[in-house]
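One structure is given here, and the rest of the page talks about it.
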Amino acid sequence: MIDFLFSQYKNYPNYEIALELTAIFFGLLSVWFAKKNNILVFPTGIINTAIYVYLLWEWSLLGDMMINFYYVIMSVYGWYIWTRKKDKVDEFPISKITSSEIKKGMLLFLASIALVISVYIFFDKLTHWTSYIDTFVTGIFFVGMWLMARRKIENWILWIIGDIISIPMYFAKGYTFTSIQYVFFTIIAIYGYLEWKKILQQKTN
């Protein structure tokens with residue numbers, strides 16, 4: 001069983017395995033801080049995604065690499081948004097998505113898919129079924145990250161969907177550690193949604 005799950009790592013450089021495990025550690029921390037509505041979600045997330053940008057480039061997973069590069073940028077944006085206060089109160093508290101944001105989210109989803117497809121075609125990487133799923137998941141995660149930066153509770157729904165799809169996808173690609181990471185991401189995201197929902201209900205009561 002162990003050999004089945006991790007045999008692909010026998011040809012990996014030790015430093016890549018160490019980097020992947022380090023990224024996973026900070027990724028789990030980041031999702032946990034997001035669940036707690038704690039601003040540390042962003043610095044820990046930046047470490048996680050910056051490491052993955054490098055690893056995914058090395059592994060030639062361009063769509064995944066683009067997602068993580070986008071995460072780095074959106075983490076900086078989210079970090080700034082979450083620090084903004086008006087009369088000592090968060091200017092962007094936990095809230096529900098607006099109709100305007102739904103439209104913007106749909107445009108972001110379509111634009112990200114178009115961008116990833118273009119990159120895959122340019123590098124002639126649209127050759128495996130995982131590339132098509134990767135393109136779809138990229139769109140989900142792009143919108144999810146944008147919504148999280150703006151503290152919209154619906155971000156958790158997109159994370160849950162994307163995480164569930166990512167579990168078998170990364171396993172099929174041969175990255176068992178990262179696949180296991182997404183199992184934990186899914187569990188934490190479910191609790192994150194429930195916790196944010198509770199906070200939102202307390203504010204509206």
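The values are calculated or read from the model by the stated rules, or taken from the named source; none is laboratory data. Note that the structure is predicted; figures quoted are calculated from it, not measured. Here the Cβ is made from the backbone with ideal geometry for all residues, glycine too, and neighbour counts use every protein chain on show.
List the helices (runs of 4 or more DSSP H) inside the range 1-115, counting only whole elements, that have at least 1 residues being modelled with pLDDT of 90 or more, touching a Phe, Trp or Tyr at 6+ places or on another chain (Cβ under 7 Å) and closer than 20 Å to Phe185 by Cα.
14-35, 41-58, 62-83
Return yes or no: is Ser75 over 19 Å from the mean Cα position of the chain (by Cα) and among the polar types (S, T, N, Q)?
No; evaluated as a whole, the condition is false for this residue.
Within the range 141-152, identify whether any single residue is basic (Lys, Arg), at positive phi and not in a helix (DSSP H, G or I), and answer yes or no.
Within the range 141-152, one or more residues are basic (Lys, Arg), at positive phi and not in a helix (DSSP H, G or I).
Answer yes or no: is there a residue in the range 154-161 that is among the polar types (S, T, N, Q), part of a helix (DSSP H, G or I) and closer than 18 Å to Ser30 by Cα.
Yes, that holds for at least one residue.
Any idea which of Glu58, Glu91 is surrounded by fewer than 15 Cβ atoms within 10 Å (Cβ to Cβ) and touching a strand residue (DSSP E or B) at 6+ places or on another chain (Cβ under 7 Å)?
Exactly one of Glu58, Glu91 is surrounded by fewer than 15 Cβ atoms within 10 Å (Cβ to Cβ) and touching a strand residue (DSSP E or B) at 6+ places or on another chain (Cβ under 7 Å), namely Glu91.
Considering each of Leu194, Leu200, Leu158, Leu147 in turn, give the residue that is of a type outside the set (Ser, Thr, Tyr), in contact with a helix residue (DSSP H, G or I) (Cβ under 6 Å, 6 or more places away or on another chain) and either more than 18 Å from Asn68 (Cα to Cα) or in contact (Cβ under 8 Å) with a residue 40 or more places away in the chain (or both).
Sole residue among the options that is of a type outside the set (Ser, Thr, Tyr), in contact with a helix residue (DSSP H, G or I) (Cβ under 6 Å, 6 or more places away or on another chain) and either more than 18 Å from Asn68 (Cα to Cα) or in contact (Cβ under 8 Å) with a residue 40 or more places away in the chain (or both): Leu147.
Can you confirm whether Lys85 is among the basic types (Lys, Arg), more than 19 Å from the chain's Cα centre (by Cα) and within 24 Å of Thr204 (Cβ to Cβ)?
Criteria met by Lys85.
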